[in-house]
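In what follows, a single structure is set out as structure tokens and then discussed.
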Amino acid sequence: NAAAGMTAPETARHDNPYREWIGAQIRGDFYGYLNPGRPEEAAAMAWRDASISHVKNGIYGEMYAAALIAAAAVCTDIETIIQAGVAQIPRNCRLRRGIEQVLGWYKEGVDSDAILERIHGEYDENQMHHWCHTIPNTMIVTAALLCGGGDFGKSICLAVQAAFDTDCNGATVGSVLGMFGGAKRIEAHWTAPFRDGLVTAIDGFQMVTPEQLTARTLALMG
């Protein structure tokens, strides 16, 4: 749509079957990193970014992810992080209802397996529209964070074993917990493979190191 000369928000709305998928949500991390302790500012940046390609719950998913990461920098427990994230999306949207549904199950004492089974009962991962839709995947992210109890490995494994969009959900959960606990709370077997750098598909950044990415992020924060 952009190549055809359209500008936002028409780029998101015109003939776009992916407009509520999680393509925006997986871009939200950076705005959380830029705004530690400021979930409202992180969500505002995410809204502007997501509006180029997504609508409604597709936008809210990125706002939620960015706000979670921003809040994780200053919160002391996972449930408070979730509440800070959900506060940044509209009260009457379907995404918020899904997140609050997961929160309710968790508070009732429903275990992780049962929560994930309930999500699968509402959404069919074999249906393309469900598999990559923002709502079921955000519910999985929320469930993994809550049931993982702040444990990095347990949480990302819960997110991945839940199916649906596994790589994206595991990455979002890991991003939140990385901000929450810092590198010192991530066991070495998770970080060791990245010691020599990261290979990306971005032109001009095929190989970067975590230190280079950190420096660029800090420069933008300043």
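Of the numbered criteria (1) in a loop (DSSP other than H, G, I, E, B); (2) of a type in the set (Gly, Ala, Ser); (3) open to solvent by less than 30 Å² (accessible area, probe 1.4 Å), the one Gly5 fails is (3). Just one of the numbered conditions (1) closer than 18 Å to Cys168 by Cα; (2) among the small types (Gly, Ala, Ser); (3) without any contact (Cβ under 8 Å) to a residue 24 or more places away in the chain is not true of Gly61: (3).
Among the residues of the range 134-164, write down those that are among the hydroxyl-bearing types (Ser, Thr, Tyr) and either in contact (Cβ under 8 Å) with a residue 40 or more places away in the chain or open to solvent by 10 Å² or more (accessible area, probe 1.4 Å) (or both). Walk me through it before giving the result.
So the first thing to find is which residues in the range 134-164 are among the hydroxyl-bearing types (Ser, Thr, Tyr), and the list is 134, 138, 142, 155.
Answer for the range 134-164, where residues must be among the hydroxyl-bearing types (Ser, Thr, Tyr) and either in contact (Cβ under 8 Å) with a residue 40 or more places away in the chain or open to solvent by 10 Å² or more (accessible area, probe 1.4 Å) (or both): Thr134, Thr138, Thr142.
Within the range 174-196, can you find the residues that are free of Cβ contacts under 8 Å to residues at least 24 places away in the same chain and either in a helix (DSSP H, G or I) or within 23 Å of the chain's Cα centre (by Cα) (or both)? Result: Gly174, Gly182, Ala183, Lys184, Ala188, His189, Thr191, Ala192, Pro193, Phe194.
Would you say Gly197 is more than 17 Å from Gly23 (Cβ to Cβ), of a type in the set (Gly, Ala, Ser) and touching a strand residue (DSSP E or B) at 6+ places or on another chain (Cβ under 6 Å)? Show your work before the answer.
Details: more than 17 Å from Gly23 (Cβ to Cβ): yes; of a type in the set (Gly, Ala, Ser): yes; touching a strand residue (DSSP E or B) at 6+ places or on another chain (Cβ under 6 Å): yes.
So Gly197 fits the description; yes.
Scanning the range 71-106 for residues that are touching a residue at least 60 places away in the same chain (Cβ under 8 Å) and part of a helix (DSSP H, G or I), we see that the one that is surrounded by the most Cβ atoms within 10 Å (Cβ to Cβ) is Ile81.
A Cβ distance below 9 Å, combined with a sequence gap of six or more or placement on separate chains, defines the contacts here; from the range 107-133, residues that are charged (D, E, K, R) reach residues that are open to solvent by 70 Å² or more (accessible area, probe 1.4 Å) in the pairs Asp124/Trp131; Glu125/Trp131.
Applying the selection to the range 175-208, what residues are within 21 Å of Pro36 (Cβ to Cβ) and open to solvent by 100 Å² or more (accessible area, probe 1.4 Å)?
Of all residues in the range 175-208, those within 21 Å of Pro36 (Cβ to Cβ) come to 175-186, 191.
Within the range 175-208, Lys184, Arg185 meet the criteria.
Looking at (1) surrounded by fewer than 19 Cβ atoms within 10 Å (Cβ to Cβ); (2) more than 11 Å from Thr134 (Cβ to Cβ); (3) of a type outside the set (A, V, I, L, M, F, W, C); (4) in contact (Cβ under 8 Å) with a residue 60 or more places away in the chain, can you tell me which one Arg13 breaks? Condition (4) is where Arg13 drops out. Here the range 43-52 is the region considered, the condition is being touching a residue at least 40 places away in the same chain (Cβ under 8 Å) and open to solvent by less than 30 Å² (accessible area, probe 1.4 Å), and the residue that is nearest to the chain's Cα centre (by Cα) is Ala43.
The values are calculated or read from the model by the stated rules, or taken from the named source; none is laboratory data. Here the structure is a predicted model, which means the values were calculated and not measured. As a convention, Cβ positions derive from the backbone with ideal geometry for all residues, glycine included, and neighbour counts pool all protein chains shown. Ligands, DNA and RNA are stripped out before the accessible areas are found, and what is left, the full protein with its side chains, is counted by its heavy atoms. Shrake-Rupley method; radii C 1.70, N 1.55, O 1.52, S 1.80 Å.
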